[in-house]
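Bear in mind that the values in this text are calculations on the coordinates, not laboratory data. Model, not experiment: these values are computed from the prediction. Here Cβ is always computed from backbone atoms with ideal geometry, including for glycine, and neighbour counts include all displayed protein chains.
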Amino acid sequence: MITFNDFKKLEMKVGTIKKAEEIPTSKKLIRMQVDIGGTMKQVIAGIKGYYKPEELQGKQFVFLTNLEPAKLMGELSEIMILAAVKGDKVVLIRPEKEIDNGAVIE
């Protein structure tokens, strides 16, 4: 269990994937450039087996934007894309309707 104050520390925003490409040296990773309301951020996600880069481009998803950046296979990941996972199924979290990039999830 976490407190409400702990939950409020998480910064989740809507962003649009502007560019997505496979990382050729990886079996799982896709590199994406994301517009988070006028700011571009890079995310590296292990979703290659579930999504093709062309399926992601131009679509809005929900991102955790205040996570400490990390390097995955030498690539900087500045944010995290949110997904629901059950068994071998992975579904990325999307807003129900289009909304401005940078909209905050509360």
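Being buried (at least 17 other Cβ atoms within 10 Å of the Cβ) and closer than 14 Å to Glu11 by Cβ is the filter; apply it to region 44-64 and report the residue that is nearest to the chain's Cα centre (by Cα).
Per the stated criteria, the residue is Phe63.
Mind checking which residues of region 1-39 are part of a strand (DSSP E or B) and either acidic (Asp, Glu) or surrounded by fewer than 17 Cβ atoms within 10 Å (Cβ to Cβ) (or both)? Show your work before the answer.
Of the residues in region 1-39, the ones part of a strand (DSSP E or B) are 12-22, 30-35.
Of everything in region 1-39, those that are part of a strand (DSSP E or B) and either acidic (Asp, Glu) or surrounded by fewer than 17 Cβ atoms within 10 Å (Cβ to Cβ) (or both) turn out to be Lys18, Lys19, Glu21, Glu22, Gln33, Asp35.
Just to verify a result, which residue in region 65-106, among those that are small (Gly, Ala, Ser) and more than 14 Å from Lys13 (Cα to Cα), is surrounded by the fewest Cβ atoms within 10 Å (Cβ to Cβ)? Give the steps one after another, and end with the answer.
As a first pass, look at region 65-106 and keep what is small (Gly, Ala, Ser): 70, 74, 77, 83-84, 87, 102-103.
With more than 14 Å from Lys13 (Cα to Cα) added as a condition, the list becomes 70, 74, 77, 84, 87.
Values: Ala70: 11, Gly74: 8, Ser77: 20, Ala84: 9, Gly87: 5.
Out of the qualifying residues, it is Gly87.
List the residue pairs whose Cβ atoms are under 8 Å apart, where the first residue sits in region 70-92 and is on the phi > 0 side of the Ramachandran plot and in contact (Cβ under 8 Å) with a residue 12 or more places away in the chain, the second is surrounded by 15 or more Cβ atoms within 10 Å (Cβ to Cβ) and outside any loop (DSSP other than H, G, I, E, B), and the two are 6 or more positions apart or on different chains.
Met73/Ile44
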